[in-house]
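One structure is given below, encoded as structure tokens.
Read-outs: derived from the displayed coordinates by stated rules, not from any lab. Here the structure is a predicted model, which means the values were calculated and not measured. Glycine also receives a Cβ, built like all others from the backbone with ideal geometry; neighbour counts cover every protein chain displayed.
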Amino acid sequence: MCEKSANNTENLDGMTDPHPPRKKSTVKRFISGILMGSFFFAIVYFGVPTMYMTCFGLQIKCVDEVLKIGYNLKKIQEIPFFHALNWYLLMVANYFLFGETFIQHGRVYLRKYYLLDMLSSYHRFISFCFYFIGLVWFVVILRKKILRQQFSLLFWTHFLLIVITAQACMIMQAMYEGIIWLIMSIWLVSINDSCAFIFGKHFGKTPLIRVSPKKTLEGFILGGICTIILGAFLSHFLCHFKYLVCPIKFASVDNEITYRSNCTPSYNFQPIAYAIGDFSVNYYPFMKHSFYLSIFASVIAPFGGFCASGFKRAVGVKDFADTVPGHGGILDRGDCQYLMMTFVNVYIMTFVKDPNVEEIFRKIAKLSDEQQLEFYSLLRSSLSDLLAGDVGNTSKLTLYGSYF
């Protein structure tokens, strides 16, 4: 009779929870995904300072997640100030990398505040001194019995500074060329991840890679095709907004520093009309760049996730953390994003970015009088040669002639 009662209780427990664990997990992932998407739109809406702080905060959290795994794996005993040293090196790396970006794009602040201008003049030397203070600190707190663990964690920290902090800085550099580059890179990876998951779940049969047995070849291929198609529509839609396509520049107006979000869009964001029968379709040159970004997001970026999966298997953890319900840690969501952002930065610097006239002028202004005269002589000679070689070009003759 007791046995029967126990069975009845067991059945009753099963009836009180009509949602199986997998369904609960899916609901959690969906709700968390909506919240993360809303948060992303909010930071884009509130502008550059919010994006700066968010990028800084997320990379700090990613480093923290991996360092905690490292400390648990090495089972290192408590050493005074050793944790603080890791965070000190992280702050030094951020000071150097984000400082370089700020100096390049925030000149208006440097002209207004003397302290910032002075710090920018000696920025690399100050960063160098801070770093070597950290190395001296590390040597001072070494302990004989755990030397291997201490050096191992030091290398962990330096590896994270390269893989996470340096790439977070690349994200900000890409953003200054236009917020659209940031949005496209994030959403292309998200689209590919979602489409690969959906197609893999319904049509997947062939395992893609051993470290991630749930990833399938069918999901990989169909997700990539879907990413290219949706990426084209997304890029066409985003090109309509000047706030997204204009490079980020700051200006001083009435002794106040403001962000200029209005500009004449560059060639990449100018529509080109193509007639197809009785219809006309607008094509943006940026869509060509979007195609290459989609290819990378579909073919190469997923391997950042595969690498992270292999690392988690090596250290015996399922997720980096449990920060986001149903998704794991911040790094679980950003493992592919960091690789994608690095590619976007390199792509812009190689194929898109034009020389900055203002930046070149600032460098010339730092030259001595003799060097400036020498530069002027070289420039005048070069323009004279161009003028002689383009005798038939009326527009160039008029342009060059006005300066001679």
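Numbers below:
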read-out	value
Ranked Glu65, Glu358, criterion: other C-beta atoms within 10 Å, fewest first	Glu358, Glu65
FRET efficiency estimate (nearest 0.05) - Cβ-Cβ, Asp369 to Ile225, R0 56 angstrom	0.40
Mean Kyte hydropathy of -1.0 or more with a Cα span along the axis of at least 18 Å, helices from DSSP in the chain	21-46, 48-74, 82-105, 123-140, 147-160, 179-203, 217-238, 286-299, 302-315, 330-347, 369-389
Size of the chain as Cα extents on the principal axes (Å, biggest first)	108, 75, 42
Förster-model FRET efficiency, 22 Å R0, Leu383 and Val346, C-beta, rounded to 0.05	0.10
Entries in Lys288/Lys353; Lys61/Lys145; Lys242/Lys366; Lys288/Lys312; Lys249/Lys353; Lys144/Lys312 that, when Cα-Cα distance is taken, lie over 25 Å	Lys61/Lys145; Lys242/Lys366; Lys288/Lys312; Lys144/Lys312
For Val48, Val66, order by how many other beta-carbon atoms lie within 10 Å, fewest first	Val48, Val66
Sorted by Cβ density within 10 Å, fewest first, the residues Cys263, Cys336, Cys195, Cys129	Cys129, Cys263, Cys195, Cys336
For region 106-152 and region 230-281, distance of Cα centres in Å	39
Spin-label pair Phe250/Tyr274, simplified geometry with 7 Å Cα→Cβ offset, distance in nm	4.1
5 angstrom amide H check on Gly178, placed H, neighbours 5+ away	Ile248
Ratio of Rg to Rh over region 136-209 (Cα coordinates, Kirkwood Rh, two decimals)	1.25
Overall Cα dimensions of region 279-387, principal axis frame, Å, largest first	66, 52, 21
